[in-house]
Amino acid sequence: MGLLSLFCNCLGERLTKFPKASGDASEAGGDAAGDTFDLFFDLRSLQIATNFFSDLNLLGHGGFGPVFKGLMPNGQEVAVKKLALDSRQGLREFVNEVKLLLKIQHKNLVTLLGCCAEGTEKMLVYEYLPNKSLDYFLFDKSKSAALDWMTRFRIVMGVARGLLYLHEEAPERIIHRDIKASNILLDEVLNPKISDFGLARLFPGDDTHMNTFRISGTHGYMAPEYAMRGYLSVKTDVFSYGILVLEIVSGRKNHDSRLSTVKADLLSYAWMLHQRGKSLELVDHTLAKFNSDEAAMCIQMGLLCCQQIVAERPDMNSVHLMLSSDSFTLPNPGRPAIQGRGGRWTTTSTSATAFTDTNTNTNATTTSNDLSKISGGGSFIDEYSRNSISVSSNDEGR
């Protein structure tokens, strides 16, 4: 608990140095003293703001615990993330999230407003985003019409910018480890913000990768080298991002058992269509119209991000270059690693070489010529038996 108190104290000191995230006191309709960003929230005020954590205020429920909408006395809407008392790992994630979010600020990352730590109650208070998470729209055909092609492409771009900041521009490199549709929140105009940093890992100094026995994440989004061998790098997030992009383009989850065997796994189906020159058949059929060039580029980029050889995946700087350039020629993707039922990975090689990133300098800028020359190689640092995995469901993580 001492560590938690330390981080919360640091939070108060850090936040008092910044202006109010959603405007100054006059804009919010409060006075300078009462309209605090001062920024330790007491339990009583959060209980009142959320109607004592009423089910009517419940926004969602993730691996950390429930998230409630709150209305502060000054009229500011907030999202209160409450640590579940029976969560075995919640305290670790709470401390981790506070520590990491103190270090980062970006328009495509959700903003931490403060925290509460009283007795057994531990909470994080975030800016409130009215449109919930991406999965709320994307996987519901009655709501997905709100996501036209321009909006989807903007979300693809925004998530890429957020990850680029975490990997290369933040004060210290951060790997999120749980990029998925339910962890992408949408603001009032459907701009994306990456949320839920409870599983994120900080890479101090020039470190670019590590080996770990503690595997955490979500099946369907986890990179094979991480799920099987505990090899964690920025390319772990790149793989998850690639899956997310394919979901955004197709409007379906990464695995849908209701579909035929051929179509059930999104990544393998996208790869098959690409091999046959029919990639655009993957595009969500509910879209009235879409930019075929952008859609084809997103599908190819998604496959590039999901290649089984880690070194062949682009970093987020290269991904951003692909998305923002009008004249960029994408390399042809190599075979992806396909995760079948039961969590078994199907690859073209059982060698650890396929799961090793030999290009670990993520601060280096990769040009279009560099991308076409990337190749795999190297050897895995240590041989590990299969790691124990802590997995959140596809519907968790707000």
Probe 1.4 Å, all protein chains in place: accessible area of LYS103 in Å², nearest 10?
-> 60
Note down the nm distance, to one decimal, between modelled labels 7 Å out along Cα→Cβ at GLU172 and at HIS106.
-> 1.7
Applying the Karplus parametrisation 6.51 cos²θ - 1.76 cosθ + 1.60 with θ = phi - 60° to the phi angles of region 232-248, what ³J(HN,Hα) value in whole Hz is obtained for each residue in order, glycine and proline being reported as x?
-> 10, 8, 4, 5, 5, 5, 4, 4, 4, 4, x, 4, 4, 4, 5, 5, 5
Quick one: accessible surface of LEU101, probe radius 1.4 Å, all protein chains present, in square angstrom to the nearest 10.
-> 10
Those trypsin sites (Lys or Arg not before Pro) in region 125-213 that DSSP places in a loop and that have at most 13 other beta carbons within 10 Å = LYS141, LYS143
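Write out the chymotrypsin sites (Phe, Trp or Tyr not before Pro) in region 168-237 meeting two conditions: DSSP loop, and at most 12 other Cβ atoms within 10 Å of their Cβ.
Details: sites: PHE197, PHE213, TYR221, TYR226, TYR231; in loops: PHE197, PHE213, TYR221.
Counting only loop positions with at most 12 other Cβ atoms within 10 Å, the chymotrypsin sites (Phe, Trp or Tyr not before Pro) in region 168-237 are PHE213.
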Using θ = phi - 60° and the Karplus relation 6.51 cos²θ - 1.76 cosθ + 1.60, list the HN-Hα couplings for region 169-182 in order, rounded to whole Hz, with x at every Gly or Pro.
-> 10, 5, x, 9, 4, 10, 9, 6, 6, 9, 6, 6, 4, 6
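The values are calculated or read from the model by the stated rules, or taken from the named source; none is laboratory data. This one's a predicted model, so the numbers in the text were calculated from it and none came from an experiment. Backbone-built Cβ (ideal geometry, glycine too); neighbour counts: all protein chains shown. Note: accessible area is taken over every heavy atom of the protein model, side chains too, but ligands, DNA and RNA are not part of it. Shrake-Rupley method; radii C 1.70, N 1.55, O 1.52, S 1.80 Å.
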